[in-house]
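Below is one structure, written out as structure tokens; the observations come after it.
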Amino acid sequence: MSTLHRGHIFHLTGSPTVTEAADALVEIPDGALLIDDDGRIEWCGRFGERPQRTGAPVEIVDHGDAFLLPGFVDTHIHFPQVNSIDAYGGGQLLEWLNSCIFPAEARFADAEFAAGAAREFCHRLISAGTTTSLVFGSAFPVAQEALFGEYHKRGLRGVIGRGIQTVGPEAAAPLITGEDDAIRLTREEIERWHPKTPEEANQALVYAAIVPRFSLSVTTRTLAALGELYDHYRDAGVYFTSHLNENNRSGDGEIAAVLELFEVESYLDTYDGRFLPGSKRGGSSLLGRRSVMAHCVHCTDAELARMAEVETSIAHCPNSQLFLGSGTMPWNRTVAAGVNIAAGTDFAAGDSWFMPYVLNTAFKAHISEPEPDGVSLHPAQLLHLGTLAGARALDLEDRIGNFDPGKEADMVVIDPAQWEPLANSLEWGLRADDPVKQTHGRLFTLLMACNEVAVAETYVRGRRLR
């Protein structure tokens, strides 16, 4: 039976870039989505103009004054950090990893502990309206088994990969595997969980990724072996993700450590097969259309140009960048390079599961960039970051990201009545006389003033998960 969802719709139609988002913004105050029994969108428009069916019945779900938005896409989140929000590490990234995160992630070797964490992880995503996620997984197979299984059980859409570490400090010792074991375990995970055929891939909700924690967690031998593995699975649609240029270009931080250790010209070279001294080629590139690099706070122009060239996306995580003192990704320069920028919570360095909170932080971070680089992001650009750009980053734009007919119906229902400050602002706040500006102002208030408690329902492929 087809289902007609009635509510206040916001989405970005078509396939706009972030600079084109304002022109693609659609608001339908009394809107409706017609969803077929396979969970695909048949029609999107005004409720009063809905298609009139004869014969087959249509179930109408009236969401009242609630807003219907495309499901949020989180392009960077850590499963084994589910219990580590706001952990005090006494410093920036490397100190925080050593004192807080490596010991916390070591607990996932316990199957019962990991299973409980997997349940909580998926529950929190659904509660926050996140329908699709790119997940840094655990180093331990028992934990990965629990997480993949929970995604399948819940009906969540996601890309998951085991966290690969073959070298590291003493604090990371429980997470480190031998290089041969690292490749074997990654291959076994792909073979077990990734779709086997293009037909399966087109219907699947869960996919596998190759996920080294960052370049400091692997050797040149590991990088060469991962390149060979990715060459083998790239055409099957396997993903790649890792961290890039997150924290501290000078001194003893992450970026300086990578450049010194590998003796390369740029951090990106280590993922691009050029990980030998002098940035000489040592293996195959891990970059491409299904590669997502998290953070990219301190990229050079050459690195941004290379990512744009090979269609590698950025997972922008402003919350965690503030938490770890990493700096602010330069918005104008990154956008001008032509790189697709999606949003990530980076939980638990990021201190929220809720994508609008990340978008709120992005707005404040970029308007506060030093002159002349400060920019006031348009509300449609914020929506782009949290929905369509994420779908593009995961090469799923033909299936999710907006409410265009033919897409799969991933949707979050936000009910202002469940968060009084939002309801009051939407009802009583001043609005411009111009109808277009009214639309922009309403969306801005919705995204900036929203709270996770206002998430009433979450749907993936037309199926209600909450």
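Just so it is clear, none of the values below were taken in a lab; they were calculated from the coordinates. In this text the structure is predicted, and so the values were computed from the model without any measurement. Every residue, glycine as well, gets a Cβ built from its backbone with ideal geometry; the counts of neighbours run over all protein chains shown.
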- Message: Can I get the semi-axes of the stretch 61-196's equivalent ellipsoid? Compute them from the C-alpha gyration tensor as square roots of 5 times the eigenvalues, in angstrom, largest first.
- Response: 28, 20, 12
- Scan the stretch 102-131 for trypsin sites (Lys or Arg not before Pro) in coil per DSSP, keeping those whose Cβ has at most 14 other Cβ atoms within 10 Å, and list them by number. none
- Query: When the Cα atoms of the stretch 72-369 are enclosed in a convex hull and the volume is divided per residue, what value in Å³ results?
  - Reply: 116 Å³
- Note on the structure: For the stretch 333-345, Karplus-derived ³J(HN,Hα) couplings (6.51, -1.76, 1.60; θ = phi - 60°; whole Hz; x for glycine and proline) come out as 5, 5, 5, 4, 6, x, 7, 6, 10, 10, 9, x, 6
- Task: Starting from the amide H of L244, placed 1.01 Å from N in the peptide plane, find each other amide H under 5 Å away whose residue is 5 or more places distant or on another chain.
- Result: A294, C296
- Of the chain, which part is the longest with no GluC sites (Glu not before Pro) in a loop (DSSP not H, G, I, E, B) and with at most 16 other C-beta atoms within 10 angstrom? 1-262
- Note on the structure: Taking Cα atoms, the helix 179-193 axis meets the longest principal axis of the chain at an angle in degrees (rounded to 10) of 20 degrees
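Contact order normalised by length for the chain, with contacts defined as Cα pairs under 8 Å and 6 or more residues apart; what percent is it?
19 percent
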- Message: Between the stretch 35-54 and the stretch 431-449, how far is it from one alpha carbon centroid to the other, in angstrom?
- Response: 27 Å
- Which lysines have a Cα less than 19 Å from the Cα of K196, not counting those fewer than 8 places away in the same chain? none
- Task: Give a residue-ordered list of calculated ³J(HN,Hα) values for the stretch 105-119 (Karplus: 6.51 cos²θ - 1.76 cosθ + 1.60, θ = phi - 60°; whole Hz; x for Gly, Pro).
- Result: 5, 5, 5, 6, 5, 7, 4, 5, 4, 5, 5, x, 5, 5, 5
- Amide H to amide H under 5 Å from D272: which residues, 5+ apart in sequence or cross-chain, H placed 1.01 Å off N in plane? L286
- Item | Amide proton proximity set for Y239, modelled H, under 5 Å, gap of 5+ | A208, A209, I210
- Item | Helix 141-154 vs. the chain, principal-axis angle (Cα, 0 to 90°, nearest 10) | 10 degrees
- With θ set to phi - 60°, apply the Karplus curve 6.51 cos²θ - 1.76 cosθ + 1.60 along the stretch 284-290 and write out the HN-Hα couplings as whole Hz, x wherever there is a Gly or Pro. 7, 6, 9, 8, x, 4, 10
- Query: Using the alpha-carbon atoms, what tilt in degrees (0 to 90, nearest 10) does helix 355-367 show relative to the longest principal axis of the chain?
  - Reply: 70 degrees
